[in-house]
1. Over 23 Å between C-alpha atoms is what I'm after, so list which of A:LYS24/A:LYS381; A:LYS14/A:LYS316; A:LYS23/A:LYS72 land there.
2. Using packing as a proxy for protection, rank A:337-343, A:378-384 so that the peptide with the highest average count of other Cβ atoms within 10 Å comes first.
3. Tell me what chain A gives for mean residue ellipticity at 222 nm when only DSSP H runs of n ≥ 4 count, each as -39,500 (n - 2.57), the sum divided by the residue total, rounded to 500 deg cm²/dmol.
4. Can you give the relative contact order of the stretch B:9-57 as a percent, counting alpha carbon pairs under 8 Å and 6+ residues apart?
5. What is the mean projected area of the alpha carbon convex hull for chain A, to one decimal in square nanometres?
6. Can you work out the Karplus-derived ³J(HN,Hα) for every residue in the stretch A:284-296? Use 6.51 cos²θ - 1.76 cosθ + 1.60 with θ = phi - 60°, whole Hz, and x for glycine or proline.
7. Would you please give the residues with an amide H less than 5 Å from that of A:TYR436, counting only those at least 5 places away or on a separate chain, with H modeled from the backbone geometry?
8. For a paramagnetic label modelled at 7 Å from the Cα of A:THR424 toward its Cβ, which residues of the stretch A:377-418 fall within the zone defined by backbone nitrogen distances under 13 Å?
Amino acid sequence: MLTLSEVQNITGEKGNFQVEILKKPRYVREDRCIACGACTEKCPGKFDDGYNADLKTRTAIYVEYPQAVPLKYAINPAACLKLTKDKCGTCQEVCPADAIDYTMTEETVTIDAGSIILAPGFKPFDPSRFDNYQYAKFANVVTSMEFERMLSATGPTMGHVTTFPKVPANPKKKKDKLLAEKRKDPKKIAWFQCVGSRDVNKCDNAYCSSVCCMYAVKEAIIAKEHAGSDLDCAIFFMDMRTPGKEFEKYYQDAKTRHGINFIRSRVHSVVEDPETGDLHLQYADEMGQIVRDTYDMIVLSVGLEISKETRAFAEKFNIDLTESGFAKTGSFEPVTTSRDGIYVSGVFNNPKDIPESVLDASAAASAAGDALAEARNTLTKEIPAVPETNVIGDRPSIGVFICDCGSNIAGVVDCPDVTEYAATLPYVTVAEETTYACSQDAQDKMVEIIKGKRTQPHCGGGLHPEDP
Amino acid sequence: MESKKTGSVVVIGGGISGMLSALDLANSGFYVYLVEKGPSIGGVMAQLDKTFPTNDCAM
């Protein structure tokens, strides 16, 4: 795994490529960093937190999120005071593992590879350029990505949906303080579909991004779950496209069970109330009547777009693209690019959702492996066997780990009560509640507990959100 | 058997698709280099709260 790395050059041909990779410095030694987080506590450098859709800032030394892989801190050289102005150096002083190294430099490595798979993904469409929705100007017009982070238990608002989401929780500036006073829990939220998709008038994306209909329905359902059923959710759409397994049922359930309003209309424009920040909108309904309505928040369902960097990459390495910037492939070779031996998977192939990306990934892996069949198992290494512990005759020792999965399970099951009850059962030596038990940090902790208590490894208790 | 081809693959991009391709190839006997421009893998999917239609956690 090569992180903070970018491909600089590709030479050679199918079966024998040489790939030149530029490794950017992390300024933190991966072999030493223990991810304790001491370095971030006093770090004065700040920059926008891209993981949280820039809704908040983060320190210059950071880990993207607690479950990140590899779980190693990194310094953003543009935001670090030591690296930009040679002032500070606090993180080096406080690091208990002596992992900080400001002298790290870029390095270039060349790798021999038989095949190459391109999976550079997409970037969410930036709606700032649309003057009719005023995303850049109105505080309560947000993108679906920002809304997604607001819904997340690990997001900037810890799953609480509120207006003026970009105003910090503890505002210091006068302007922010005034806005924070206006903050409220929205009672009416509207989603605008096809922002940056199926549009050749205001942008050049003629294609359907294929995921926005479903994620908008999902966001509306989850928003209602968080805020209560009196939240008024409306989705303004051109066509609802539900082409996957159970997707149509999900859409129908949203209408009938969850009471989400679906309005077939493309809203012309949005006007902000300068006092309250509420959003007035005007649209024509299916009968052609003009309707005026006011919402507390508008979510723009932005489409998927191929980034400028990916387009430049494709041009540099002779990968043909379609008009919309996706990799050109053939009907019978859906993961093969125009350059022999280079394959494509994910959204760079065409807009798609997660299950389809997974399918695409396996297809690209098969094609890439097929081309190298004769070289199979020539470079792989043996996985060292894990020594087994003989526990025959030991007293059984059972560990119960209850995952609350944010609000996903905790919203349905009384996790503390279950944990408390489990602790009273025979042979249970550990009963703990944990958030996101599937994440690496939580699993490492479980391994430690299992080793320490000699808890039998077959006894981890978990719940699946689908059947709580 | 002597091979004229290199038994390794470079996967560019550490999102859900790149990670899956890398795992599939590693499981089928190829050495894989997963190249990611950010400090950690996971891509956009790791930013999502829930995924439809099951409303499962995306992490």
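What follows is calculated from the coordinates using simple rules that are stated; it is not laboratory data. Only a predicted model underlies this, so the values are computations on that prediction, with no experimental measurement involved. Ideal geometry is used to build each Cβ from the backbone, glycine not excepted, and the neighbour counts take in all protein chains shown.
1. Violating the 23 Å limit, Cα to Cα: A:LYS24/A:LYS381.
2. A:337-343, A:378-384
3. -6500 deg cm²/dmol
4. Relative contact order comes out at 39 percent.
5. Its average projected convex-hull area is 28.1 nm².
6. 9, 7, 5, 8, x, 7, 7, 10, 10, 8, 10, 10, 7
7. Under 5 Å from the amide H of A:TYR436: A:ASP404, A:CYS405, A:GLY406.
8. Answer for the stretch A:377-418: A:417-418.
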